[in-house]
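This report concerns only the one structure given below.
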Amino acid sequence: MRASTTPTIRNLTDHVFLVLDESLSMTRHARELVKQTDGLVKHLARRSEELDRETRVSIWVFGSHNNVRCIVWDKDVLRLPSIAEFYSPGGNTALIDATIEALNHVGE
């Protein structure tokens, strides 16, 4: 008799990418953005446990054209701290640059 090569338990993983505006115009909204983002991560963590699925998050922020950066890469939502210490608005708006940069890393 041949043994099956199909695993009986599959590890399902979701990967969520967030692209956040960190331009100067977000200064007055920074506290609320952090609150909402942290709330979303907590929601994803609850759902991850409920569905028995691993959920990982990457967060990209953009300000000026040369200030697109990844503040969180491929982190388990159950272990992700608040983004408050990483998010600091300033500069112009480079949404297209940030989105393209995040998409370039989706396959990594």
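In whole Å, what three semi-axes, largest first, describe the equivalent ellipsoid of the chain built from its Cα gyration tensor (square root of 5 times each eigenvalue)?
33, 17, 8
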Discussion item. Tell me the mean residue ellipticity at 222 nm calculated for the chain from its helices only (DSSP H runs of n ≥ 4, each -39500 (n - 2.57), averaged over every residue, nearest 500).
Written reply: -10000 deg cm²/dmol
Response to the item:
DSSP beta bridges in the chain: the antiparallel percent, rounded to 5, is 40
Worksheet entry | Cα long-axis angle, helix 95-105 against the chain (0 to 90 degrees, to the nearest 10) | 30
Item to complete: May I ask you to evaluate 6.51 cos²θ - 1.76 cosθ + 1.60, the Karplus curve with θ = phi - 60°, for each residue of the range 10-25 and list the ³J(HN,Hα) values in order in whole Hz, giving x for glycine and proline?
Response: 9, 8, 8, 10, 9, 10, 9, 10, 10, 10, 10, 6, 10, 6, 4, 5
Discussion item. For the chain, set up a GNM with springs between Cα atoms under 10 Å and report which of N92, N66, N11 has the largest fluctuation.
Written reply: N11
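State which stretch of the chain is the longest one without any exposed trypsin sites (Lys or Arg not before Pro), exposure meaning a DSSP loop state and at most 10 other Cβ atoms within 10 Å.
For trypsin sites (Lys or Arg not before Pro) (loop position, at most 10 other Cβ atoms within 10 Å), the longest site-free span of the chain is 11-108.
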Worksheet item: If you roll a 1.4 Å probe over the chain with all protein chains in place, what percent of the accessible area is carbon or sulfur?
Response: 51
Worksheet, complete the sentence: Residues whose modelled amide H sits under 5 Å from the amide H of V72, counting only those 5 or more places away in sequence or on another chain, are I59
Practice prompt. Please determine, in degrees from 0 to 90 and to the nearest 10, the orientation of helix 30-51 with respect to the longest principal axis defined by the Cα atoms of the chain, where the helix direction is its Cα long axis.
Written response: 0
Item to complete: Pull out a ≥ b ≥ c, the square roots of the eigenvalues of the alpha-carbon gyration tensor of the range 15-58, then state rounded if a/c is under 1.5, prolate if not and a/b is larger than b/c, and oblate in the remaining case.
Response: oblate
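The values are calculated or read from the model by the stated rules, or taken from the named source; none is laboratory data. Small disclaimer: the values here were computed from a predicted structure and weren't measured. Ideal geometry is used to build each Cβ from the backbone, glycine not excepted, and the neighbour counts take in all protein chains shown. Just so you know, the surface numbers come from the protein's heavy atoms only, side chains and all, with ligands and any DNA or RNA stripped out. Shrake-Rupley method; radii C 1.70, N 1.55, O 1.52, S 1.80 Å.
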